[in-house]
Amino acid sequence: MKKYFLVLLLLPSLAFANADVDPSIDESKITSALHPKEMKWEFDGFFGRFDRASIQRGYQVYKEVCSACHGMKLMSYRNLQDIGFSEAEVKNIASEYLVTDGPNDDGEMFERAGLPSDKFVGPYANEQSARSANGGAYPPDLSLIIKARHDGPNYVYSLLNGYKDAPEGFEMAVGKNYNPYFEGRQIAMPSPINDDGQVEYKDGTIATKEQITIDVVNFLQYVSEPETEHRKKMGVRTMIFLGILFGLLLSAKRAIWRNVK
Amino acid sequence: MSSHENNENIKNPSSPKEELEVFHKIHNDLDQSITEKSKLAGWINDRLPIVASLENTLKRHPYPKNLSYWWNFGSIAGICLVIQILSGLFLAMHYVPNTKFAFDSVEHIMRDVNYGWLIRYIHAVGASMFFVALYAHMIRSLYYGSYKPPREILWWVGIIIFLLTMATAFMGYVLPWGQMSFWGATVITNLFSAIPLVGESIVQWLWGGFSVDNPTLNRFFVLHFLMPFLIVGIVLLHLVALSTTGSNNPTGVPMKSKKDSISFHPYFTIKDMVGFVIFFIIFGYFLFFYPNALGHPDNYIPANPLVTPAHIVPEWYFLPFYAILRAVPDKLGGVLMMFGAIILLFFLPYLDKSKVRSGAYRPAFQKFFYIFVINFVFLGWLGKSPADGWYVWASRLSTMYYYAYFLLILPILPKFEKTLPLPESIDEDYKSKHKH
């Protein structure tokens, strides 16, 4: 009984356990997710800003890797101008995609080249088609993924970098992949970013796996919250204004109340 | 000349009726009404007596001069109501209350509508700030005995505002049609099925169908739009009740003469402004830098009736009542205890019979009160914890303390507690605290 009691005492420490480091913890028994790694992001904090170069590279990653399975239906091609693409570049990008439009005057639906005003064309016609192509799993739309997950940026970064072989004795379901950052530790998505150089960056930046995942998180953060920079700039100005106003109003209040005896 | 009007040695009124009589005799004097000083003011007032009415409230009505910043939360709650109505109005111009379009229409507001993100976040964060103000306002009343005679109706009208605001907030949270919107609506509307005999029928009538679906969303939008205007009306009643009885104050000793009181303007107009700015600073901190900190990430996933979230939790301001609901192992019992926790508040004037109004002079009461507040916060934390293991027992004990505070502690305390001596008057208390 003493042995079980000692184990019970140790259980709370599991909350802080990092099985990567502590060999005494039996990782094959754990199904709860690890806490995401804490990274520093350019957009964090009161003075957060977008790293537009990184976001553009992140778009390239999305386009070349993620968009095979993941849609982004809340983004329009014209939004790409906010991250530094020119109007001509945006027209070019949009025109690479086929969009269903119509009906025309003959009453028929037709396909045409994409326009900047169109929303991003997804890889599948509908959810059922997506599930059918992915063993029943639905690759979620990424438009809001950063806001739809607790500690979004760190979570996505940790998840993309977290794939590893399942520990000895851990029972994997068919078609699932081991990832300690996913709740339940079994995720349907296979590791999407594997090698350094998987993407060849147009701006010449060396595309290590680390760099790729950082860039794609920066892009996804922009997609989830395009107003981030504007919001924080407005916030700093507002707080300064309110701080000064507070000082003035407090002095006024004290002056007015001075004659109350 | 009545001996009440200028005598500082008036004894404390011995009954609520006497208190009201004394209060109504106190007026601040004005040299000249603005209706005489200003031609425009006079012209308006001859046709619609709002000018004289406002002048009475702002300059003639007596307010205790010793009010602390705890008395700012009423006007702060009022400003929150205005902010919610204005931001909500502009959101409603772009929002679509249909299950196919609701989620995307909110994202349209966030991305395409000029400053839509700002209006949306003002409304979402504003709802939380509204409850911060309401809870602080109610805590003030609980501590200082502001619910005691002659302010019973003022208190009851306040609870009605609280209930209406909670209903409004609940329905508002459903509108974005995220996972939490849908599943929160499903859990809470299902509670009504616990009503014996007619429960199932009532729930289907509420839903407009056999589950939470488009009819539910549509009617929740209509009601969410409507209720704030009802709340405005009830708030006006609340203010009328307040002007009838006068404000309470930290000593609990009523105003007895002009020496105890000051006019609302300029003293409380400027002090309220100071309160507003502090409030806006806290509001701004969340709004601009952490707008989603008080929400749940699952609500950025479109509603899916086929996928139940791992943990269904309401917004933070409902958590204590959610914990009480889940503490009871019976559905109807949980519903009754949850609503009971608020209905209980109606009986406060009759549960707390202490002759000493303000908690500031009741040391034993203070200890139980602080435990009550900490317990309420603890209940909130339990509300968002999983409903298993030791959390269940903790919720039950916490719920018991919540009820025991009102039903046992408050009624029994006056029999045993030693209270501190009250000041002779507000004036005396003010002078003793403001020795410069």
Q: For the range B:384-401, indicate whether the set of residues that are touching a residue at least 12 places away in the same chain (Cβ under 8 Å), more than 30 Å from residue B:19 (Cα to Cα) and under 20 Å from the mean Cα position of the chain (by Cα) is non-empty.
A: no
Q) Any residue in the range B:186-201 that is acidic (Asp, Glu), buried (at least 17 other Cβ atoms within 10 Å of the Cβ) and assigned to a helix (DSSP H, G or I)? A) no
Q.
I need a count of the residues in the range A:141-196 that are part of a loop (DSSP other than H, G, I, E, B), small (Gly, Ala, Ser), buried (at least 20 other Cβ atoms within 10 Å of the Cβ) and within 14 Å of chain B (Cβ to nearest Cβ).
A. 2
Q) Taking residue A:197, is it out of contact with any helix residue (DSSP H, G or I) (no Cβ under 6 Å at 6 or more places or on another chain), within 27 Å of residue A:85 (Cα to Cα) and at pLDDT below 95? A) yes
Q: Could you tell me whether residue B:250 is surrounded by 21 or more Cβ atoms within 10 Å (Cβ to Cβ) and on the phi < 0 side of the Ramachandran plot?
A: yes
Q) In this structure, is residue B:46 surrounded by fewer than 16 Cβ atoms within 10 Å (Cβ to Cβ) and within 14 Å of another protein chain (Cβ to nearest Cβ)? A) no
Q: Take residue B:329 and decide whether it is away from chain A (no Cβ under 14 Å) and buried (at least 20 other Cβ atoms within 10 Å of the Cβ).
A: no
**Q.** Candidate set: the range B:87-114, residues that are among the aromatic types (Phe, Trp, Tyr) and over 29 Å from the mean Cα position of the chain (by Cα); chosen: the one farthest from the other protein chains (Cβ to nearest Cβ)
**A.** B:101
Q.
Checking residue B:12 against (1) polar (S, T, N, Q); (2) surrounded by 14 or more Cβ atoms within 10 Å (Cβ to Cβ); (3) within 29 Å of the chain's Cα centre (by Cα): exactly one of these is not met. Which one?
A. (3)
(Q) Take the residues in the range A:102-140 that are in a loop (DSSP other than H, G, I, E, B) and among the hydroxyl-bearing types (Ser, Thr, Tyr); name whichever of them is farthest from the other protein chains (Cβ to nearest Cβ). (A) A:124
(Q) Go through the range A:66-94 and report how many residues are loosely packed, with under 14 Cβ neighbours inside 10 Å, touching a residue at least 24 places away in the same chain (Cβ under 8 Å) and more than 18 Å from residue A:218 (Cα to Cα). (A) 2
Q.
If a residue counts only when it is among the aliphatic types (A, V, I, L, M), which helices (runs of 4 or more DSSP H) contained entirely in the range B:25-105 have at least 3 such residues?
A. B:39-47, B:50-55, B:73-92
Q) Which residues, taken from the range A:58-90, are closer than 29 Å to residue A:185 by Cα and in a helix (DSSP H, G or I)? A) A:58, A:59, A:60, A:61, A:62, A:63, A:64, A:66, A:67, A:68
Q: Kindly indicate whether any position in the range B:228-238 is crowded, with 16+ Cβ neighbours inside 10 Å and closer than 25 Å to residue B:177 by Cα.
A: yes
Q: Can you confirm whether the range A:121-135 contains a residue that is touching a Leu at 6+ places or on another chain (Cβ under 9 Å) and more than 18 Å from residue A:71 (Cβ to Cβ)?
A: no
Q.
I'd like to know if the range A:201-220 contains one or more residues that are buried (at least 17 other Cβ atoms within 10 Å of the Cβ), within 14 Å of chain B (Cβ to nearest Cβ), touching a residue at least 12 places away in the same chain (Cβ under 8 Å) and farther than 24 Å from residue A:58 by Cα.
A. no
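The values are calculated or read from the model by the stated rules, or taken from the named source; none is laboratory data. Fair warning: this is a prediction, and the values are worked out from it, not measured in the lab. Ideal geometry is used to build each Cβ from the backbone, glycine not excepted, and the neighbour counts take in all protein chains shown.
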